[in-house]
Structures are given as C-alpha cells and as structure tokens.
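The values are calculated or read from the model by the stated rules, or taken from the named source; none is laboratory data. In this text, all values refer to a predicted model and were calculated from it rather than measured experimentally. A quick note on method: Cβ atoms are made from the backbone with ideal geometry, for glycine too, and the neighbour counts reach across all protein chains shown.
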Amino acid sequence: MRFVANVRVLLKDGVLDPQGETITRALRDLGFGSVTKTSTGKLFKLEIDSNTEADAKKIASEAATRLLANPVIERYEIEVAR
Amino acid sequence: MKAGVIVFPGSNCDRDAYRAFKLVGGGQVVYLWHGSRDLEGCDIVVLPGGFSYGDYLRAGAIARFSPIMKKVTEFARGGGVVFGICNGFQILTESGLLPGALLRNSGLRFVCREVNLRVENDRSLLTAGLATGSLLKMPVAHGEGGYFADPATLAAVESKEQVVLRYSNEAGVITSEANPNGSLNNIAGIVSDGGNVFGMMPHPERACEQVLGSAGGLKLLVSLCENIAGGVVARQGD
C-alpha cells in the first residue's frame, strides 16, 4: 500500500532562527502587525510502500532521525495519510 | 608524515589543502575519493571546505554517509587525527565526531572576509606551537558557520577546554562585533574530547603565504604536522 508521510522539521526552541526573525520583520513592515513570531523549517513528503500505516510511520520516523533532521538543532513531527 | 585530503563531490578547497599540507608536512599528501573505503595509511585525514553534495538538506548532512566516512569514523574512534575545515567542520558535527552544529549565519549573509582568531588552548595538536592568547589572521567563507550547542554541551565543551580558537578583534578581545556568524561564545574552532578530531570554520589552508594576505594559517598547520610527526598524538582517556 502507498502511504504519504509528511515530515515537518523545525528548529528546536532556543535555537537562533535568523530567517524567522527577518521574515517576522518583513511581515510587520507589510502591515501584519499581529504576527509576533515566525518559525522556519522544512517539509518532506515521503511516499512509502508499506503494509500498514504504523509501518509507514516507523519508516518515516527512522528517516527523520537518521537524515532529515539533525537532532542537535531540530525536532520533527510526522503525519501519515493514505 | 602522510596526509590525506578527502574529495567529496562539491569540495572546492581540496587543492588548497593539498598544497598547504605539501608545504608544511614535508611528506606525502594524497587525495582520498569519497567513494573509497581506504585511508591509504594516512597519519592525518583532512576534510576540506566546499559545498559537498551541494549542501543539500543541511551542510554536511549527505557527505557524512559517504563510504569513506565509515573509515574516517573508525580512524577517529581509534585516536587518528582528523581535521575538518569549513564544510569539513560541518561534516564532522553532522557525523557526531564533534559536538554541536553549525547554523545559518546570524546575519543571513554568506560571509567572506578576513577574521582575527585568538588561540584559546595551547595544549592541542593544532595550537601547541602557539601561545594561548596569540592572534592569527585568516579568511572565513561560509553561509552556515554559527557554532551552536545546547547549554549542557556548550558548558562541557568550555570546561574541558575543547575550544581552541575564538573570533576576536585586532586587540585580541572577544567582542560580538568580531563575531562574523553568531557563533556561541565566539567559537571558531574546537577539538574533540579525545583531543584528536579538530574542526574550524576559518580557512588556515588559504593563509599560508604572506603574499596572499596572511600566513596566520601556516602556524596552525605547522603545529599540527610537527606534533603528528613527532608522535605527540595526545590520546586523552587512553
């Protein structure tokens, strides 16, 4: 079965995010005064052939741990759908 | 002494490093292909600067899975001397051979200019030829050079005196203005807990001849080569 795993990788709290800060300033300059913080990250869409959703999630999780995220500075979240 | 310079797809300081180690090492220098599984009996392995694998995903993230990195890891775990410059430093942190990570520069720009470095520790192989507090000039050229470690790791790196070089001003004072990339504690270069794996963002191999602007980097490479050749490979913990 083909599953799609969306792996969202974000910087951990406390890690400087200069891109996010710059984007927040730009948004505020554009009139989005209510935006107080922007966090940048990456989204990986993995198409996975596996028997169950749990297996797909496990594979995505291993991929995130070993390669997609650097655990020193990043954390990740995974959503799996058919 | 035999030095090996690893060539990854996208390395662009491999020739500079080869030439610099030829200049100071007084021995053999060879290129080691990233796809190889043989360190060819080298006494030191150099991971040069550049943009290995296009810096895709994160700088150094893909290069760490190169076949040769398995051998480099074994070599380092066995006490062998490994030296990562710029992208090489990024690869070593991604590999877990050095603590911490290198973040996008705080100013968001690629920084390419000369910096002043202060020697923080005269007991490492890289800096044993220099007094603590001496100043060196050499270039940086990177977009992701902000040294980061979580508070516990940073405290350990500092207390074990693993910081070998910091960004300073011309007077040797550590200031935020002298910090080109937002590195925590102005850290420019570190050594592993074992004392045999080195990483630094500035480019000593590009500062080996006064005619090119500075010979500050030469002193580091001379120290490294003399200490390796003299068999003074400090293996703390052995």
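Within region B:51-72, does at least one residue satisfy the condition of being within 14 Å of chain A (Cβ to nearest Cβ), under 27 Å from B:Gly172 (Cβ atoms) and in contact with a Pro (Cβ under 7 Å, 6 or more places away or on another chain)? Scanning region B:51-72 turns up no residue that is within 14 Å of chain A (Cβ to nearest Cβ), under 27 Å from B:Gly172 (Cβ atoms) and in contact with a Pro (Cβ under 7 Å, 6 or more places away or on another chain). Scanning region B:43-72 for residues that are assigned to a loop (DSSP other than H, G, I, E, B) and either among the basic types (Lys, Arg) or surrounded by 24 or more Cβ atoms within 10 Å (Cβ to Cβ) (or both) turns up B:Pro48, B:Gly49, B:Arg58, B:Ala59, B:Gly60. Within region B:106-116, restricting attention to residues that are surrounded by fewer than 23 Cβ atoms within 10 Å (Cβ to Cβ) and not charged (D, E, K, R), the residue that is farthest from B:Tyr53 (Cα to Cα) is B:Asn116. Tell me yes or no: at least one residue of region A:41-62 is more than 11 Å from chain B (Cβ to nearest Cβ), within 25 Å of B:Ala152 (Cα to Cα) and in contact with a strand residue (DSSP E or B) (Cβ under 8 Å, 6 or more places away or on another chain). Yes: one or more hits. Selection of region A:40-82 for residues being of a type in the set (S, T, N, Q) and either surrounded by 11 or more Cβ atoms within 10 Å (Cβ to Cβ) or touching a Lys or Arg at 6+ places or on another chain (Cβ under 7 Å) (or both) yields A:Thr40, A:Ser50, A:Thr52, A:Ser61, A:Thr65, A:Asn70.
For B:Thr153, are the conditions met, namely being in a loop (DSSP other than H, G, I, E, B) and more than 16 Å from the chain's Cα centre (by Cα)? No, not satisfied.
The strands (runs of 3 or more DSSP E) found entirely in region B:156-238 that carry 2 or more residues being of a type in the set (Val, Ile, Thr) and surrounded by 14 or more Cβ atoms within 10 Å (Cβ to Cβ) are B:163-168, B:187-191. Considering B:Ala149, B:Ala141, B:Ala128, the condition of being within 14 Å of chain A (Cβ to nearest Cβ) and either surrounded by fewer than 16 Cβ atoms within 10 Å (Cβ to Cβ) or within 19 Å of B:Gly84 (Cβ to Cβ) (or both) is satisfied by B:Ala149 alone.
Within region B:73-103, take every residue that is in a loop (DSSP other than H, G, I, E, B) and in contact (Cβ under 8 Å) with a residue 12 or more places away in the chain and give me the one that is surrounded by the fewest Cβ atoms within 10 Å (Cβ to Cβ). Only one residue tops the list, namely B:Gly79.
Candidates A:Val15, A:Val9: the one that is in contact with a strand residue (DSSP E or B) (Cβ under 9 Å, 6 or more places away or on another chain), at pLDDT below 95, of a type outside the set (Lys, Arg) and within 25 Å of B:Leu92 (Cβ to Cβ) is A:Val15.
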